[in-house]
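First comes the structure, then the notes that go with it.
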Amino acid sequence: MALGAFSVSLAVKDIAISRAFYEQLGFSVMAGNQAHGYLIMADSATKIGLFQGMITANTLTFNPGWTQECETLPAFEDVRAIQSRLQAAGVVMSAASDLESTGPAHCVFSDPDGNVIMFDQHVAKPD
């Protein structure tokens with residue numbers, strides 16, 4: 001299974017303070033809107049998301065359909081197919097995609113230790 005781009009999404013208390021901290025580590029803003037409570041920061045291929053008031057726990061995030069540079073892949077496994085396969089294996093979703101939809105979608109679940117995992121697909125379902 002190709003999981004797509006990977007990042008760690010961090011639930012932060014003060015996005016401005018967090019941004020300044022990660023900039024000291026060499027990260028720079030590549031996307032997002034600080035006024036809306038989220039920034040995506042990069043240091044080469046390493047990506048982190050800073051989310052203030054949008055998520056409640058730090059989350060491992062996979063983006064099916066994207067390269068690590070956020071470019072759309074010509075072929076990939078759709079998030080709805082990934083979700084269906086995981087559910088068939090007994091994984092319980094805390095947020096699930098509408099299986100009939102075709103646009104961007106996401107699903108969220110936790111690993112056996114309670115770590116949150118999100119598949120967040122930003123592109124339409126492949127043909």
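Data table
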read-out: Residue, nearest to MET118 (Cα to Cα), within the range 33-77, restricted to residues that are of a type in the set (Phe, Trp, Tyr) and open to solvent by less than 70 Å² (accessible area, probe 1.4 Å); value: PHE62
read-out: Subset tally (residues that are in a strand (DSSP E or B), hydrophobic (A, V, I, L, M, F, W, C) and open to solvent by 60 Å² or more (accessible area, probe 1.4 Å)) for the range 1-28; value: 1
read-out: Residue list for the range 53-79, restricted to those being over 15 Å from the mean Cα position of the chain (by Cα) and not acidic (Asp, Glu); value: GLY53, LEU73, PRO74, ALA75, PHE76
read-out: Sole residue being open to solvent by 30 Å² or more (accessible area, probe 1.4 Å), touching a helix residue (DSSP H, G or I) at 6+ places or on another chain (Cβ under 8 Å) and modelled with pLDDT of 95 or more, chosen from ALA81, ALA89, ALA96; value: ALA96
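The rows are residues; the columns are (1) of a type outside the set (Asp, Glu); (2) in contact with a strand residue (DSSP E or B) (Cβ under 7 Å, 6 or more places away or on another chain); (3) under 21 Å from GLN121 (Cβ atoms); (4) free of Cβ contacts under 8 Å to residues at least 40 places away in the same chain.
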site	(1), (2), (3), (4)
GLY4	yes, yes, yes, no
VAL8	yes, yes, yes, no
SER18	yes, yes, no, yes
GLY26	yes, yes, no, yes
SER44	yes, no, no, yes
LYS47	yes, yes, yes, no
ASN58	yes, yes, yes, no
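The values are calculated or read from the model by the stated rules, or taken from the named source; none is laboratory data. Quantities reported herein were computed from a predicted structural model and do not represent experimental measurements. Note: ideal-geometry Cβ built from the backbone for every residue, glycine included; neighbour counts use all protein chains shown. Side chains included, ligands, DNA and RNA excluded: accessible areas come from the protein's heavy atoms. Shrake-Rupley method; radii C 1.70, N 1.55, O 1.52, S 1.80 Å.
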